[in-house]
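Chemist: First, the structure itself, so that you have it in front of you.
Every read-out reported here was derived from the displayed coordinates using simple, explicitly stated rules and does not represent laboratory data. It should be emphasised that the depicted structure is a prediction, and the values quoted were computed from it without experimental measurement. Note that each Cβ is placed from the backbone with ideal geometry, even for glycine, and that neighbours are counted across all protein chains shown.
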Amino acid sequence: MSGTQEGVLQDGWERFWFTPESLASLRFVRIGLGVLAACYFATHWADVGYWFGSEGLLSTEQLSRLSQSSEVAGAGRWHLTPLYWIESTLGLRVVLGFGIAASLLLAAGIGGWGVAALTWLILLAVVARAWVIAGLAEVPLVVGLFGLAIAASGVGVRQRWEGRRWSGGGFARRLLEIHIAAIVGFTALTQLAAETWWNGEGALQLVLPQDGPTLELASLGNSQLLTAALTHLIVWLPIVAVPLLWLPGRGTANPPRLRRIAAGALIAHALVLGVLSGHLLYEAANAVLLSLFLLPRGAGGLEHGE
């Protein structure tokens, strides 16, 4: 490879990962994930003692027995968290209270890197303790808060960084974009392995497991054509749209129209899927992260006082 080619590749690599980015471009992600993280902690509040207390179904003692006597043996050894040493309901709720408070401070833009990192660490601790009953929402929340911990926006950011574009902000944004595109794209591809997504019944199966769906969709099964169309739209829209998210733009101009259309379609897809499946927190977090593709690279001005 010639020196010129190496230089082009190096320049492309630098532009891809380290395009200078204003911290304000992460503002909506910060607000959205902060609110959703607070909701996640709140969902554990009522029954935290029932699951993780000293007499809970997943107390440290019970979880140890489960790990030793079942197919999940050894799986828990990687879920390290100080919450294994806290078995009182009050103590666990104190941790959740700190998580809720840190999440809301993050959403309000107070604390910058410190609060973002604290929220991420508390979330990791809770997720590691609740690994047996964990769902889908943990994945985009953990990824998103990690990105914010790298380059958080808010009034806690030092004055010399406010309103300025720097490579850390660009790296954090690109990291979040890659992860959310992978989550959405690979989720759609894995659905192709199930026959129900090929025979047109996937959308109906999506709503059947719910005890109380957000919308009354029982009539969906009455129209085979509608069910089949919705099923194929659920699967194929992400497969087609995710590659369009990476259409190149020109400098810091607005993203290509096709990229914005693809991002908007995926955001709508996530919200509709959240309503159909009941995984509102998971799909809302996906939608928040997908909003990054609506912004131009190097976007944003001052985080406050704009």
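Chemist: Mind giving me the nanometre distance, one decimal, between the label points for Glu55 and Phe28, set 7 Å out from Cα along Cα→Cβ?
Modeler: Rounded to a tenth, the inter-label distance reads 4.9 nm.
Chemist: Under a point spin-label approximation (7 Å from Cα along Cα-to-Cβ), what is the Leu121-Thr81 distance to one decimal in nm?
Modeler: 1.6 nm
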